[in-house]
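Asks: Here it is: the structure, laid out below.
The values are calculated or read from the model by the stated rules, or taken from the named source; none is laboratory data. Just so it is clear, the model here is predicted, and its values are computed rather than measured. Here the Cβ is made from the backbone with ideal geometry for all residues, glycine too, and neighbour counts use every protein chain on show. Heads up: the accessible areas ignore ligands, DNA and RNA and are worked out on the full protein's heavy atoms, side chains in. Shrake-Rupley method; radii C 1.70, N 1.55, O 1.52, S 1.80 Å.
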Amino acid sequence: MAKIELKDVRKVYHGGVEAVKGVSLSVEDGAFVVLVGPSGCGKSTLLRMVAGLESISSGTIAIGDRVVNELEPAERDIAMVFQNYALYPHMTVRKNLEYGLKNRKMASGEIARRVDEAAKMLEIGALLDRRPGQLSGGQRQRVAMGRALVREPAAFLFDEPLSNLDAKLRVQMRAEIRRLQRRLKTTSLYVTHDQLEAMTLADTLVVLNAGRIEQAGSPMEVYERPASLFVATFIGSPAMNLLPLGAGGIAGLTAPDGLLSGAGPAKTLGIRPEHMRLADGEAPRPGEMRFDLTVTGVEVVGAESFVYGTLPEGGPEVAVRVAGYSHVEPGTRLAAAADPAYLHRFDRETGRRI
Amino acid sequence: MQKAVFPNRVLPYLLLAPQVAITIVFFYWPASQALYQSMLKEDPFGLKSKFVGLQNFTQVLGNPDYLNSVRVTVVFSVSTAVLAMALALFLATAAEKVVRGKGFYRTMLIWPYAVAPAVAGLLFLFMFNPSMGTFAYLLRDAGYRWNPLLDGDQAMLLVVVAAAWKQISYNFLFFVAALQSVPRSLIEAAAIDGASSTKRFWTIVFPLIAPTTFFLLVVNTVYAFFDTFGIIDAVTGGGPAQATQTLVYKVYNDGFVNLDLGGSAAQSVILMAIVIALTAIQFRYVEKRVHYA
Ligand SMILES: Nc1ncnc2c1ncn2[C@@H]1O[C@H](COP(=O)(O)OP(=O)(O)OP(=O)(O)O)[C@@H](O)[C@H]1O
Ligand SMILES: [Mg+2]
């Protein structure tokens, strides 16, 4: 059990690619922190620096109260679950689990106890004498988890461990990882590009973009108060609707007085699809914003549908969440409404929240 | 596999013909000739020959020179294969670690393969010839009594080194490819699992490249058996006192120098049997322990 502390960590690869541009982050003891960001933003690089698989160009990384910059991966007391599982193909599952313990010269009784315990916890007891090649993807995933568990390390590092699984299994394993982590209370750093995975797993969500932290906070905090345009569009599906605010307001949008006044820097307004509703045939309610939309398409998810429409005069496209099944025809003109309380404002120049 | 159906009944045989012809001309025909020859006894002038059954074989197998040659062949082949493979593997792992100039380093290591065996033999002959070789001079300067023309063990050492040197490039190429096919994440996982780099090599990398090692073992043994004639001929000529006379060399020597065609053919047949047996054993027993990932 330990805290992980990153101070102004940078990574410049051979050839000058700056993959991580000064990241400071503190992972509390027992916390589950998820690093999320688009492909190439430096998530894996950051995780691999914590693991010791990649050198640190500048800054410090501490695990517990030791600075680990110069320590070998084995000396950092961490365990890692790889995206491709990285199981040793020529060893049985049992040997895979034992490998890290034997290398540490642990007593054989203790090794057997830990392997049994992990096998029970992950329900892989029946697979112990098989080789990785004889397992399904989901089973391999469990074994990879098991290999990390038996080590009883100070911290778990996960690099997109679920991305090779099918959708159903992914949801199941996600819940399982969460349950295990809650139970073991081992500090965990988890990398993913799947925002749904990030939202559901994290105690603290860290959104990375181009080697920098855009925002860190609890998933709901990040969702409800995105610190930047990038976070606003990255977290949430479909993405937040963005409306660039011009000098004369926004064509097709009527809003209560003063809401769209152009004082201060150029702004972009944001509103999430679920905070909008179709209001066709309703009389406008006081204090509400009203959108005049031409429907471009409907996406039926099942429990809900998303109606997409554009504002007039070549305005932006917005999505409106509708409960249940919606059968609006494309081309129809519709009114939609939203409560200004849910409006987000961003400085268009810097992208930061106002 | 899907069966191809040809509308023409002659075409398939025509397509097959070149391959079959080559195999017949270059393998079955000489092999059957050797078998036939091995039962004949010919006079030194090649004027008449008579059928003697297995007499050539009993003579060959009862000959202490022949048994010596078997011993020489075993020592030579095992040493050459082991030396060539061990050095190549060492160089390949070193090449993995090179960051700058990787391509250059690899290219340089591949070149010796382009050198013909006899030329390779000559190179070593010149370097280690007791009367004019640079290395021979250095060795003697260092107080070592170097004379492979008189000392059988030294002669053996010299041909082994020359033969292995020639084969290192080939092995190197295969080992480099094999090492590259070991996923990096496995090695990283092992590093996190607390294995030192030596331990990672022997417990993860080496087992995973075992199929390549096995393949090279077969190739190198066959090479040491058959393709080293040129090297031995150039460096020692089978001497001194037959200390480096391998089975293949003896076939040549008895047949073409001493003109004992029947005996030479009998040796060829035995050699053929040895190779078939060797390959069968390798595939049957060694391969079973090899894990193909
Ligand atoms: N060994 C390397 N040498 C040079 N550049 C690298 C190296 N590894 C990664 N990079 C670069 O560093 C940046 C970050 O890479 P990284 O693998 O950390 O991305 P990521 O966020 O994990 O992306 P993904 O979600 O696709 O896995 C990328 O621009 C990548 O091209
Ligand atoms: Mg990655």
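Asks: Quick check on my filter: what residues within segment A:153-172 are under 16 Å from the mean Cα position of the chain (by Cα), touching a residue at least 24 places away in the same chain (Cβ under 8 Å) and not in a loop (DSSP other than H, G, I, E, B)?
Replies: Matches in segment A:153-172: A:Leu157, A:Phe158, A:Asp159, A:Arg170.
Asks: Can you tell me which of (1) aliphatic (A, V, I, L, M); (2) at pLDDT 90 or above; (3) more than 14 Å from ligand 1 (Cβ to nearest atom) is the one A:Val36 doesn't meet?
Replies: (3)
Asks: Within segment A:72-85, track down each residue that is more than 16 Å from ligand 2 (Cβ to nearest atom) and out of contact with any Asp or Glu (no Cβ under 9 Å at 6 or more places or on another chain).
Replies: Of all residues in segment A:72-85, those more than 16 Å from ligand 2 (Cβ to nearest atom) come to A:72-79.
Matches in segment A:72-85: A:Glu72, A:Glu75, A:Arg76, A:Asp77, A:Ile78.
Asks: What are the residues in segment A:83-140 that are exposed (fewer than 15 other Cβ atoms within 10 Å of the Cβ) and in contact (Cβ under 8 Å) with a residue 40 or more places away in the chain, if any?
Replies: Answer for segment A:83-140, where residues must be exposed (fewer than 15 other Cβ atoms within 10 Å of the Cβ) and in contact (Cβ under 8 Å) with a residue 40 or more places away in the chain: just A:Gly133.
Asks: Then there is this: Given the conditions (1) away from ligand 1 (no atom under 16 Å from the Cβ); (2) buried (at least 18 other Cβ atoms within 10 Å of the Cβ), and given that A:Leu157 satisfies all but one, which numbered condition is not satisfied?
Replies: (1)
Asks: Then there's this: Kindly check whether there is at least one residue in segment A:102-116 that is of a type in the set (S, T, N, Q), more than 10 Å from chain B (Cβ to nearest Cβ) and out of contact with any Lys or Arg (no Cβ under 6 Å at 6 or more places or on another chain). Steps first, answer last, please.
Replies: First pass over segment A:102-116, keeping only residues of a type in the set (S, T, N, Q): A:103, A:108.
Restricting the remaining residues to those that are more than 10 Å from chain B (Cβ to nearest Cβ) gives A:108.
Subset that is out of contact with any Lys or Arg (no Cβ under 6 Å at 6 or more places or on another chain): A:108.
Checking segment A:102-116: at least one residue is of a type in the set (S, T, N, Q), more than 10 Å from chain B (Cβ to nearest Cβ) and out of contact with any Lys or Arg (no Cβ under 6 Å at 6 or more places or on another chain).
Asks: Looking at segment A:205-219 only, could you name the residues that are among the β-branched types (Val, Ile, Thr) and within 16 Å of A:Thr187 (Cα to Cα)? Walk me through it before giving the result.
Replies: From segment A:205-219, those among the β-branched types (Val, Ile, Thr) are A:206-207, A:213; that's our starting set.
Answer for segment A:205-219, where residues must be among the β-branched types (Val, Ile, Thr) and within 16 Å of A:Thr187 (Cα to Cα): just A:Val206.
Asks: So which residues in segment A:12-40 are open to solvent by less than 50 Å² (accessible area, probe 1.4 Å) and either within 13 Å of ligand 2 (Cβ to nearest atom) or on the phi > 0 side of the Ramachandran plot (or both)?
Replies: Answer for segment A:12-40, where residues must be open to solvent by less than 50 Å² (accessible area, probe 1.4 Å) and either within 13 Å of ligand 2 (Cβ to nearest atom) or on the phi > 0 side of the Ramachandran plot (or both): A:Ala19, A:Val20, A:Gly22, A:Gly30, A:Leu35, A:Val36, A:Gly37, A:Pro38.
Asks: Kindly establish whether B:Phe90 is aromatic (Phe, Trp, Tyr) and either in contact (Cβ under 8 Å) with a residue 60 or more places away in the chain or surrounded by fewer than 12 Cβ atoms within 10 Å (Cβ to Cβ) (or both). So that I can check it myself, show each step before the final result.
Replies: Details: aromatic (Phe, Trp, Tyr): yes; either in contact (Cβ under 8 Å) with a residue 60 or more places away in the chain or surrounded by fewer than 12 Cβ atoms within 10 Å (Cβ to Cβ) (or both): no.
For B:Phe90, the condition - aromatic (Phe, Trp, Tyr) and either in contact (Cβ under 8 Å) with a residue 60 or more places away in the chain or surrounded by fewer than 12 Cβ atoms within 10 Å (Cβ to Cβ) (or both) - is not met.
Asks: Here's something else I'd like to know. Out of A:Leu97, A:Leu6, A:Leu25, which single residue is within 16 Å of ligand 1 (Cβ to nearest atom), of a type in the set (A, V, I, L, M, F, W, C) and under 21 Å from B:Glu188 (Cβ atoms)?
Replies: Values: A:Leu97 fails: within 16 Å of ligand 1 (Cβ to nearest atom); A:Leu25 fails: under 21 Å from B:Glu188 (Cβ atoms).
None of the other options fit; the residue is A:Leu6.
Asks: Being within 14 Å of chain B (Cβ to nearest Cβ), touching a strand residue (DSSP E or B) at 6+ places or on another chain (Cβ under 9 Å) and more than 16 Å from ligand 1 (Cβ to nearest atom), is that true of even one residue in segment A:164-182? Reasoning before the result, please.
Replies: Quick first cut of segment A:164-182, residues within 14 Å of chain B (Cβ to nearest Cβ) only: A:164.
Keeping just the survivors that are touching a strand residue (DSSP E or B) at 6+ places or on another chain (Cβ under 9 Å) gives none.
No, segment A:164-182 contains no residue that is within 14 Å of chain B (Cβ to nearest Cβ), touching a strand residue (DSSP E or B) at 6+ places or on another chain (Cβ under 9 Å) and more than 16 Å from ligand 1 (Cβ to nearest atom).
Asks: Can you name the residue in segment A:189-205 that is in a strand (DSSP E or B) and within 12 Å of ligand 1 (Cβ to nearest atom) and, of all such residues, is farthest from A:Arg48 (Cα to Cα)? Outline the logic, then answer.
Replies: Of segment A:189-205, the ones in a strand (DSSP E or B) are A:189-192, A:204-205.
Checking which are within 12 Å of ligand 1 (Cβ to nearest atom) leaves us with A:191-192.
On the way: A:Val191: 10, A:Thr192: 14 Å.
Checking each candidate, the answer is A:Thr192.
Asks: Of all residues in segment A:219-231, how many are within 13 Å of the chain's Cα centre (by Cα) and buried (at least 19 other Cβ atoms within 10 Å of the Cβ)?
Replies: At the first step, the residues of segment A:219-231 found to be within 13 Å of the chain's Cα centre (by Cα) are A:219-220, A:222-223, A:231.
Next, from what is left, pick out any that are buried (at least 19 other Cβ atoms within 10 Å of the Cβ): A:219, A:222, A:231.
Looking only at that region, the number is 3.
Asks: Cβ-Cβ distance below 9 Å, separation of 6 or more or different chains: which pairs start in segment B:180-195 with a residue that is touching a residue at least 60 places away in the same chain (Cβ under 8 Å) and at the interface with chain A (Cβ under 7 Å from one of its Cβ atoms) and end on one that is buried (at least 17 other Cβ atoms within 10 Å of the Cβ) and of a type in the set (Gly, Ala, Ser)?
Replies: none
Asks: If you don't mind, there's one more thing I want to ask. Take the residues in segment B:222-280 that are acidic (Asp, Glu) and part of a loop (DSSP other than H, G, I, E, B), then tell me which one is surrounded by the fewest Cβ atoms within 10 Å (Cβ to Cβ).
Replies: Narrowing segment B:222-280 to residues acidic (Asp, Glu): B:227, B:233, B:254, B:260.
Pick out the ones that are also part of a loop (DSSP other than H, G, I, E, B) and you get B:227, B:260.
Values: B:Asp227: 16, B:Asp260: 20.
Among them, the one singled out is B:Asp227.
Asks: To continue, here is another question. Looking only at segment B:187-202, count every residue that is open to solvent by less than 10 Å² (accessible area, probe 1.4 Å) and outside any loop (DSSP other than H, G, I, E, B) and tell me the total.
Replies: 3
Asks: Under the condition of being open to solvent by less than 10 Å² (accessible area, probe 1.4 Å) and more than 9 Å from ligand 2 (Cβ to nearest atom), which residue from segment A:42-54 is farthest from B:Gly194 (Cα to Cα)?
Replies: Per the criteria, the residue is A:Leu46.
Asks: Of all residues in segment A:66-79 being aliphatic (A, V, I, L, M) and facing chain B (nearest Cβ under 10 Å), which is surrounded by the fewest Cβ atoms within 10 Å (Cβ to Cβ)? Spell out how you get there, then give the answer.
Replies: Initially, segment A:66-79 is screened for residues aliphatic (A, V, I, L, M), giving A:67-68, A:71, A:74, A:78-79.
If we keep only those that are facing chain B (nearest Cβ under 10 Å) as well, we get A:74, A:78-79.
Working: A:Ala74: 18, A:Ile78: 25, A:Ala79: 25.
Top of the filtered list is A:Ala74.
Asks: I would also like to ask the following. Please go through segment A:318-349 and give me each residue that is in contact (Cβ under 8 Å) with a residue 40 or more places away in the chain, within 29 Å of the chain's Cα centre (by Cα) and open to solvent by 40 Å² or more (accessible area, probe 1.4 Å), ordered by number.
Replies: Residues satisfying the conditions are A:Arg321, A:Asp339, A:Tyr342, A:Arg345, A:Arg348, A:Glu349.
Asks: Looking at (1) more than 9 Å from every other protein chain (Cβ to nearest Cβ); (2) within 25 Å of the chain's Cα centre (by Cα), can you tell me which one A:Phe82 breaks?
Replies: If we test A:Phe82 against (1) more than 9 Å from every other protein chain (Cβ to nearest Cβ); (2) within 25 Å of the chain's Cα centre (by Cα), just (1) comes out false.
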